[in-house]
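Step one of this worksheet: look at the structure below.
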Amino acid sequence: QVQLVESGGGLVQAGGSLRLSCAASGRTFSGDVMGWFRQAPGKERAFVAAIFIWSGGSTAYADSVKGRFTISRDNAKNTVYLQMNSLKPEDTAVYYCAARTSGTVISRASGMYQYWGQGTQVTVSS
């Protein structure tokens with residue numbers, strides 16, 4: 001069983017930066033994957049980034065954020081981060097942390113993730 005709690009959202013001007021944190025509690029296993037998704041008003045929930053907790057920390061990114069966002073993890077703190085730089089107004093959304101247990105590959109499909117946090121609001125003003 002895994003519980004996820006996001007933090008770090010807020011209001012930032014275009015071009016600025018934010019770092020989101022996702023603290024995980026409960027049992028985790030080698031091969032697990034942590035992901036970030038986002039949902040803007042009236043939009044579908046979309047993949048942002050994901051990372052293997054173990055296995056060298058391999059990562060994947062949505063094309064829209066590649067080069068601007070960086071996902072990382074601190075296993076000692078059971079925490080995954082999303083560093084967001086060069087933020088744009090279109091990045092405005094509720095950001096959700098998700099966990100996939102027994103994962104052998106990184107999936108971009110939200111239905112493949114078993115556990116979800118409550119979400120944190122990110123608002124980027126122009």
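With θ taken as phi - 60° and the coefficients 6.51, -1.76 and 1.60, list the Karplus ³J(HN,Hα) couplings across the range 96-102 in order, rounded to whole Hz; mark glycine and proline as x.
Along the range 96-102, the couplings run 10, 8, 9, 10, 10, 8, 6 Hz.
Would you grab the residues whose amide H sits under 5 Å from the one on Ala49? Only those 5+ places off in sequence or on another chain, please, with H modelled 1.01 Å from N.
The answer is Trp36, Ala62.
Can you tell me the Rg and Dmax of the chain, counting just the alpha carbons, in angstroms?
When restricted to Cα atoms, the chain yields Rg and Dmax of 13.5, 42 Å.
For the range 35-90, what D do you get in µm² per second when you plug the Kirkwood radius from alpha-carbon pairs into Stokes-Einstein at 10 °C and 1.306 mPa s?
So the translational diffusion coefficient is about 130 µm²/s.
Each residue of the range 53-65 in order: what ³J(HN,Hα) in whole Hz does its phi give by Karplus 6.51 cos²θ - 1.76 cosθ + 1.60, θ = phi - 60°, with x for Gly and Pro?
5, 10, 6, x, x, 4, 10, 9, 9, 5, 4, 5, 10
So, counting K/R as plus one and D/E as minus one, what does the shell of residues with Cβ under 15 Å around Ser107 add up to?
+2
Could you compute how much accessible surface Met112 exposes when probed at 1.4 Å, giving the result in Å² to the nearest 10?
Probe radius 1.4 Å; accessible area of Met112 about 90 Å².
In whole Hz, with x marking every Gly and Pro, tabulate ³J(HN,Hα) for the range 80-87 from phi via Karplus 6.51 cos²θ - 1.76 cosθ + 1.60, θ = phi - 60°.
Ordered by residue, 3J(HN,Hα) equals 10, 10, 10, 7, 10, 10, 6, 5 Hz.
Hey, how many Å between the Cα centroid of the range 41-63 and the Cα centroid of the range 76-107?
6 Å
Pick out, in residue order, every one of the trypsin sites (Lys or Arg not before Pro) in the range 1-89 that is DSSP loop and has at most 12 other C-beta atoms within 10 Å; say none if there are none.
Loop-located and lightly packed - Arg27, Lys43.
So which residue, out of Ser110, Ser55, Ser17, gets the largest mean-square fluctuation from a GNM of the chain using Cα contacts under 10 Å as springs?
For the chain, modelled as a Gaussian network with Cα springs under 10 Å, the answer is Ser55.
Suppose a student asked you for the relative contact order of the chain, using Cα pairs under 8 Å spaced at least 6 residues apart; what percent would you report?
36 percent
Give the long-range amide H neighbours of Gln114: residues separated by 5 or more places, or on another chain, with amide H under 5 Å away, using H modelled in the peptide plane at 1.01 Å from N.
Counting only residues 5 or more places away or on other chains, the set is Ala99, Arg100, Thr101.
The values are calculated or read from the model by the stated rules, or taken from the named source; none is laboratory data. Not measured: the values here are computed from a predicted model. Reconstructed Cβ throughout: ideal geometry from the backbone, glycine too, with neighbour counts over all protein chains shown. Side chains included, ligands, DNA and RNA excluded: accessible areas come from the protein's heavy atoms. Shrake-Rupley method; radii C 1.70, N 1.55, O 1.52, S 1.80 Å.
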